[in-house]
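S.K.: Shown below is the structure under consideration.
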Amino acid sequence: VLQLLRGSQRGSEDRKGSLSRLRWALQNKETQQKFVRLDGSIRTLIGLFTSSMADMQMEAARCLHELSHSSDPAVAEACLPVTSYLLTYLSGHSVELTELCLYTLGNLVVESEAVRRQLLPQGIIPVLASCIQSPHEAVLEGLGYVLSQLLQAKEAPAEIVPLVLDSVLPQHMLRLVCSGLKAGTGAAVEFAWCLHYIVCSHTANAALLSLGALPALTSLFLEMGSEIPQDAPEGLELLVCPVLRCLSNLLAEETGCHLQVQDERLLIALFLILQSFLQQHPFMAQECLWLLNNLTADKPFFCWALLSLDLLPALLQLLPCSQMASVLVLTVLCNIAEKGPPYCQQLHQQQTLPLLLPTLVLPDPQVVGQCLELLHLLFLHYPEAAVDFLRQGGHQALEQHQSTPELRERARALLDMLRQPLGATTLNPCHPMLSAFS
């Protein structure tokens, strides 16, 4: 390493060759650690990186990029002196150099809080904002990578998200996501995840809503639902997932934003996407159900649309998918049942009860607890459901839960409802909107 470093310092013709060999050597973890401990090593790289010789500059940039891959925070912190130069060259004319600088910055901010704390006062957010106008996909993808790493930092909600919101980045990210996601561009995927991380910070949603994020993402979601193939190709879930999450969390805001989105095609798109991904990517059921919950919570429009479009059978088929899927399906059903007698009548007529009985005997208290909440709402608003429940032997399943501490009280309350005039006992259903899925 020392020999290669000395070779790169000399004015010989082999200087570029020494740098090139050094770059390959720096792919090794131990070599990285030894290199940063050598006196003058980083200073030498900076000198070559800032030189007027383009070929030497690129080789030095590649060496710095290899160093940035290190998972050792000491290596990242040794690179602190180079951060200001990396920012400077983001406004250069070489697309390849700009791309290298972006990925080097992105790698460094992952590993070191010290690097992030140095970059913020150096003006990384305004510099990144200037890059988003680039016509080059490679630059935009690198920019998305840096932003996504910054926005996942633990200090992001308090320190980074406000700076991003004060820049032109959000509106441009939204535009690029909506125009590029269907084409599957890497930049659009990166920016979609960036928007997701911003939404999850809870401090930014009002700002995003004011930019028209909800109608824009809704329109994108509808297009994706109509164009997605039956057997979705591998990797497509990475495009759909952040859009699902952004919509879910924006709809969870108590801003009346649900009034902006009353389009039953959303439900059709959601179930088409669910059908396309469920076989190969079961986790997408949870993603889709999270959105469905937030569409139906406190929103009679989507509750009735789900019933009238005959989507209930497809929803009920998801009950056995996983523990979380079961909870979310039952939560959506509670959202519907809470709306009153006509909704409960529809749930009953569409054969919901027979599928609830097997759920009641599951060993999972959380799933069974949510099932009990749903039964309470059905009995309360549609007494015929209680009659059928008794006829099908459901009271036996309730009696066995009287020995389960966390379920005993609710099971006993339902048994009391079955033994006396229906509607005389009330419970507080627990089916809140679910936000900040991350």
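The values are calculated or read from the model by the stated rules, or taken from the named source; none is laboratory data. Only a predicted model underlies this, so the values are computations on that prediction, with no experimental measurement involved. Positions of Cβ are backbone-derived with ideal geometry, glycine not excepted, and every protein chain shown enters the neighbour counts. With ligands, DNA and RNA removed, areas are computed over all heavy atoms of the protein, side chains included. Shrake-Rupley method; radii C 1.70, N 1.55, O 1.52, S 1.80 Å.
S.K.: Of a type in the set (Lys, Arg) and either part of a loop (DSSP other than H, G, I, E, B) or in contact with a Gly (Cβ under 9 Å, 6 or more places away or on another chain) (or both) - does that describe any residue in the stretch 116-133?
M.R.: The answer is no, given that none of the residues of the stretch 116-133 is of a type in the set (Lys, Arg) and either part of a loop (DSSP other than H, G, I, E, B) or in contact with a Gly (Cβ under 9 Å, 6 or more places away or on another chain) (or both).
S.K.: Would you confirm whether or not the stretch 284-300 contains a residue that is closer than 26 Å to Gly235 by Cβ, touching a residue at least 24 places away in the same chain (Cβ under 8 Å) and not in a helix (DSSP H, G or I)?
M.R.: no
S.K.: Taking Arg21 as the residue in question, decide whether it is among the charged types (D, E, K, R), in contact (Cβ under 8 Å) with a residue 24 or more places away in the chain, surrounded by 13 or more Cβ atoms within 10 Å (Cβ to Cβ) and touching a helix residue (DSSP H, G or I) at 6+ places or on another chain (Cβ under 8 Å). Talk me through it step by step, then tell me what you get.
M.R.: On the way: among the charged types (D, E, K, R): yes; in contact (Cβ under 8 Å) with a residue 24 or more places away in the chain: no; surrounded by 13 or more Cβ atoms within 10 Å (Cβ to Cβ): yes; touching a helix residue (DSSP H, G or I) at 6+ places or on another chain (Cβ under 8 Å): yes.
Here the answer is no, as Arg21 does not meet what is asked.
S.K.: I'm trying to understand the selection: among the residues of the stretch 406-438, which are under 38 Å from the mean Cα position of the chain (by Cα), modelled with pLDDT of 85 or more and open to solvent by 80 Å² or more (accessible area, probe 1.4 Å)?
M.R.: Selection gives Glu406, Arg408, Glu409.
S.K.: Report yes if some residue within the stretch 232-242 is open to solvent by less than 10 Å² (accessible area, probe 1.4 Å) and assigned to a loop (DSSP other than H, G, I, E, B); otherwise report no.
M.R.: Taking the stretch 232-242 and keeping what is open to solvent by less than 10 Å² (accessible area, probe 1.4 Å), we get 240-242.
Okay, now just the ones that are also assigned to a loop (DSSP other than H, G, I, E, B), so none.
The answer is no, given that none of the residues of the stretch 232-242 is open to solvent by less than 10 Å² (accessible area, probe 1.4 Å) and assigned to a loop (DSSP other than H, G, I, E, B).
Let's see how each residue does on (1) assigned by the TED database to the domain that holds Glu113; (2) under 16 Å from the mean Cα position of the chain (by Cα); (3) not in a helix (DSSP H, G or I):
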{"residue": "Pro162", "(1), (2), (3)": "no, no, no"}
{"residue": "Met173", "(1), (2), (3)": "no, yes, no"}
{"residue": "Leu176", "(1), (2), (3)": "no, no, no"}
{"residue": "Ala188", "(1), (2), (3)": "no, yes, no"}
{"residue": "Trp193", "(1), (2), (3)": "no, yes, no"}
{"residue": "Val199", "(1), (2), (3)": "no, yes, no"}
{"residue": "His202", "(1), (2), (3)": "no, yes, yes"}
{"residue": "Ser226", "(1), (2), (3)": "no, no, no"}
{"residue": "Pro229", "(1), (2), (3)": "no, no, yes"}
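S.K.: Turning to a different aspect of this structure: Please specify each residue of the stretch 307-359 satisfying the condition of being over 14 Å from Glu373 (Cα atoms), crowded, with 19+ Cβ neighbours inside 10 Å and small (Gly, Ala, Ser).
M.R.: Result: Ala325, single match.
S.K.: Just give me the residues in the stretch 116-161 being more than 17 Å from Leu90 (Cα to Cα) and among the aliphatic types (A, V, I, L, M), in sequence order.
M.R.: Selection gives Leu151, Ala153, Ala156, Ala158, Ile160, Val161.
S.K.: Hey, could you check the stretch 28-74 for residues that are within 17 Å of Tyr85 (Cβ to Cβ) and not in a helix (DSSP H, G or I) and say which is most open to solvent (accessible area, probe 1.4 Å)? Don't jump to the end; show me each part of the working.
M.R.: Initially, the stretch 28-74 is screened for residues within 17 Å of Tyr85 (Cβ to Cβ), giving 36, 40-54, 56-68.
Adding the requirement that they be not in a helix (DSSP H, G or I) leaves 40, 50-53.
Working: Gly40: 12, Thr50: 55, Ser51: 25, Ser52: 121, Met53: 77 Å².
Filtering the stretch 28-74 for residues that are within 17 Å of Tyr85 (Cβ to Cβ) and not in a helix (DSSP H, G or I), the one most open to solvent (accessible area, probe 1.4 Å) comes out as Ser52.
S.K.: State all residues of the stretch 140-194 that are open to solvent by less than 10 Å² (accessible area, probe 1.4 Å) and in contact with a Ser or Thr (Cβ under 7 Å, 6 or more places away or on another chain); if no residue qualifies, say none.
M.R.: Those that are open to solvent by less than 10 Å² (accessible area, probe 1.4 Å) and in contact with a Ser or Thr (Cβ under 7 Å, 6 or more places away or on another chain): Ala156, Val161, Cys194.
S.K.: Please state which of the following conditions Glu253 fails to meet, knowing it meets all the rest: (1) of a type outside the set (A, V, I, L, M); (2) within 18 Å of the chain's Cα centre (by Cα); (3) at pLDDT 80 or above.
M.R.: Result: Glu253 fails condition (3) only.
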